[in-house]
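Novice: I have a structure I would like to understand better, so I am pasting it below and will then ask my questions one at a time.
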Amino acid sequence: MSWHDAQTLTLYRSDTAPAYSHRADRTVLLLAFILIAVGIGMIYSASAVMAQKRFGDSAYFLKRQLIWLAVGMVLLMIFARTDLKTLRAWGVPILLIGVVALVAVLLPAIGVSVKGARRWLRLGALTVQPAELIKVGVLLYLAHYLAKKGERIEDFRLGFVPPLLVIGVVLALVLVEPDLGTATVIGLVSFGLLFVGGARLGHLSLIGLAALPALYLLVAGVGYRRQRMLSFLDPWSDPEGSGFQVIQSFLALGGGGPFGVGLGEGRQKLFFLPEPHTDFVLSMLGEELGFLGTSIVIILLAVFVAKGFMIALAAEDPFGRYLALGVSFLVAFHTLINVGAISGLLPTKGLPLPFLSYGGSSLIVNMIGTGMLMSVSRNRPPR
């Protein structure tokens, strides 16, 4: 039986299915905690020297990540204990709040500008990134829309175009910041959900082909993005400029060997690899814990994604199924792009590694996603 056939058989129960009350699947929670714990250790190891020089406090970044972890724990528990009907009702309001935040971040009097990009809103001593948080709204909205439309998603004008318009507005606001990496992930997750939701491959291909010229202009028409692409093709052509970061990543990964040089003993974090606690945290992990440690982390992330797919397959409610798939796609695409960038297989995009990289907004979204997976698993039908 195809995925679309399974959807058709259960569609009529999307609003009337009983609210099953089972114990939530704790596997995703355990995996998330293990990854977060590894991330906390690597964030401190990678940032301590830099934090001491910049702020006079070697635990500066660690303390902030722990604050966001506490916030994320509260949100995880809220989403994990919320039933699917309520989560579904939250979709549009959360999406609208996210859109307002994306607009607010572009206003000079509100948004925080760093290196020419306006991506952050300041909350006291902390900053949040609306482009990260909007992902929760997108997942809830698309899961609700696909569960509601069912087979009508095959209709181009009445089923396929409406969600594209909504996602198009979100992508446009994210690109204005500018943040091509986050926009790419949101686009990939949206297309993945539309595909499994029954959208025609021809319609998806048409939109994909139409987006190629715009993507080309966004890359070739912007100096720093064009330089990133050239350095991706040959980083050694500018080893002290655009190719510097990825070359330092290569040195970190290669220097770790099979088992690493030891936790805290890495050298590339000593002002060689820029911002080693954020997007390139896996490079530092590779140097200090070696190929073995890197492989274990990637396997744990793969198991998390696989478990998300299993939760989706077991879900009887279409909304829950699409929601679990969306969370799995989100973690999977973030992981693939991040690992591809640090290993030179993809151009650098500035995307964090799920659960491990420093960044409160990213951590909160991943923990909310974990909570949503637990909610879907708690409302599965009896065996």
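The values are calculated or read from the model by the stated rules, or taken from the named source; none is laboratory data. In this text the structure is predicted, and so the values were computed from the model without any measurement. Virtual Cβ from ideal backbone geometry, glycine too; neighbours counted across all protein chains shown. Protein only, heavy atoms only, side chains kept; ligands, DNA and RNA dropped before computing areas. Shrake-Rupley method; radii C 1.70, N 1.55, O 1.52, S 1.80 Å.
Novice: At what distance in nm do the modelled label points of A89 and E151 sit from each other, each positioned 7 Å from its Cα along Cα→Cβ?
Specialist: 3.1 nm
Novice: Here is a further query. Considering only protein heavy atoms, with the full assembly of protein chains and a 1.4 angstrom probe, order S328, S205 by accessible area, largest first.
Specialist: On the way: S328 0, S205 55 Å².
The ordering from most to least exposed comes out as S205, S328.
Novice: Additional query: Counting only the backbone N, which residues of segment 244-267 are under 17 Å from the spot 7 Å out from the Cα of V114 toward its beta-carbon?
Specialist: none
Novice: Moving on to the next point. Okay, helix-only estimate at 222 nm for the chain: each DSSP H run of n ≥ 4 adds -39500 (n - 2.57), divide by all residues, round to 500 deg cm²/dmol; what do you get? Please report the intermediate quantities before stating the final value.
Specialist: On the way: 13 runs with 254 residues, N = 383.
Calculated at 222 nm, the ellipticity per residue is -23000 deg cm²/dmol.
Novice: State to the nearest 20 debye the size of the charge dipole of the chain about its Cα centre, where the only charges are +1 on K and R beta carbons and -1 on D and E beta carbons. Before the final figure, lay out each step's value.
Specialist: On the way: 31 positive and 21 negative charges, 150 e Å.
Computed charge dipole of the chain: roughly 720 debye.
Novice: Hey, if you put +1 on the Cβ of every Lys and Arg and -1 on every Asp and Glu Cβ in the chain, which of V161, S231, A101 ends up farthest toward the positive end of that dipole?
Specialist: Value computed over the given set: A101.
Novice: Among (1) 54, 44, 42; (2) 59, 46, 43; (3) 63, 52, 36, which is the computed Cα extents along the principal axes in Å?
Specialist: Given (1) 54, 44, 42; (2) 59, 46, 43; (3) 63, 52, 36, the structure-derived one carries the label (2).
Novice: For the chain, set up a GNM with springs between Cα atoms under 10 Å and report which of R23, R88, R119 has the largest fluctuation.
Specialist: R23
Novice: Which trypsin sites (Lys or Arg not before Pro) does segment 240-321 hold that lie in a coil by DSSP with at most 16 other beta carbons within 10 Å? Before the final figure, lay out each step's value.
Specialist: Details: sites: R267, K269, K307, R321; in loops: R267, K269.
Loop-located and lightly packed - R267.
Novice: Something else now. Name the long-range amide H neighbours of D155: under 5 Å, sequence gap of 5 or more, or other chain; modelled H, no Pro or chain starts.
Specialist: When sequence neighbours closer than 5 places are left aside, the close amide H contacts are F160.
Novice: log₁₀ I(q)/I(0) of segment 190-324 at q = 0.18 Å⁻¹, via Debye over equal Cα point scatterers, no solvent, to two decimals?
Specialist: The calculated log intensity ratios at q = 0.18 Å⁻¹ are -1.00.
Novice: Residue separation times 0.36 nm, minus the C-alpha to C-alpha distance between V169 and K63: what's the value?
Specialist: Residue separation times 0.36 nm, minus the Cα-Cα distance, leaves 34.6 nm.
Novice: Could I ask something else about it? Under 10 °C and 1.306 mPa s, how fast does segment 208-262 diffuse according to Stokes-Einstein, given a Kirkwood radius computed over C-alpha pairs? Answer in µm²/s, whole number. Mind showing how you got there, number by number?
Specialist: Numbers: Rh = 13.0 Å.
For these conditions, the coefficient is 122 µm²/s.
Novice: Using the structure shown, list the pairs from K53/K135; K63/K85; K85/K307; K63/K307 with a Cα-Cα distance above 29 Å, or answer none.
Specialist: Numbers: K53/K135 34 Å; K63/K85 36 Å; K85/K307 22 Å; K63/K307 31 Å.
The pairs that break the limit, which is 29 Å between Cα atoms, are K53/K135; K63/K85; K63/K307.
Novice: Just the accessible area for L217, please: 1.4 Å probe, Å², rounded to the nearest 10?
Specialist: For L217, the solvent-accessible surface is approximately 120 Å².
Novice: Now, a different point. Among A89, V136, F304, which residue has its Cα furthest toward the positive end of the charge dipole of the chain, with +1 on Lys/Arg Cβ and -1 on Asp/Glu Cβ?
Specialist: Working it through, the farthest residue towards the positive pole turns out to be A89.
Novice: Provide the gained length on full extension for the span K53 to F259, in nm with one decimal, where the gain is 0.36 nm per separating residue minus the Cα-Cα distance. Don't skip to the answer; put the middle values down first.
Specialist: On the way: separation 206, 0.36 × 206 = 74.16 nm, distance 2.91 nm.
The K53-F259 span can extend by a further 71.2 nm.
Novice: Assign unit charges at the C-beta atoms only (+1 for Lys and Arg, -1 for Asp and Glu), then state the dipole size of segment 199-272 relative to its Cα centre in Debye, rounded to the nearest 20.
Specialist: Working: 6 positive and 4 negative charges, 59 e Å.
Approximately 280 debye in magnitude.
Novice: What translational diffusion coefficient, in µm²/s and rounded to a whole number, does the Stokes-Einstein relation yield for segment 311-383 at 10 °C and a viscosity of 1.306 mPa s, taking the hydrodynamic radius as the Kirkwood radius over Cα pairs?
Specialist: Working: Rh = 13.3 Å.
The estimated diffusion coefficient comes to 119 µm²/s.
Novice: Let me ask another. Out of residues 5 or more away from D83 or on other chains, whose amide H comes under 5 Å of its own, with H placed 1.01 Å from N in the peptide plane?
Specialist: It is none; the list stays empty.
Novice: To continue, here is another question. Farthest toward the dipole's positive end in the chain, which of P318, H203, V339, given Cβ charges of +1 (Lys, Arg) and -1 (Asp, Glu) about the Cα centre?
Specialist: After comparing all options, I get P318.
Novice: Taking a cut-off of 16 Å between Cα atoms, list the lysines near K115, but don't count ones fewer than 8 places away on the same chain.
Specialist: Hits, sequence-local ones excluded: K349.
Novice: For the chain, which longest stretch is free of loop sites, where a loop site is one of the GluC sites (Glu not before Pro) that DSSP puts outside H, G, I, E and B and that has at most 13 other Cβ atoms within 10 Å?
Specialist: Working: sites that count: E240, E265.
The segment 1-239 is the longest one with no such site.
Novice: Note the full-extension length gain between M73 and L218 as 0.36 nm times their separation in residues minus their Cα-Cα distance, in nm to one decimal.
Specialist: Numbers: separation 145, 0.36 × 145 = 52.20 nm, distance 3.69 nm.
Taking 0.36 nm per residue and subtracting the Cα distance, the gain is 48.5 nm.
Novice: Each label point is 7 Å from the Cα along the Cα-to-Cβ direction; what then is the distance between the points at F244 and F33, in nm?
Specialist: Roughly 4.2 nm, to one decimal.
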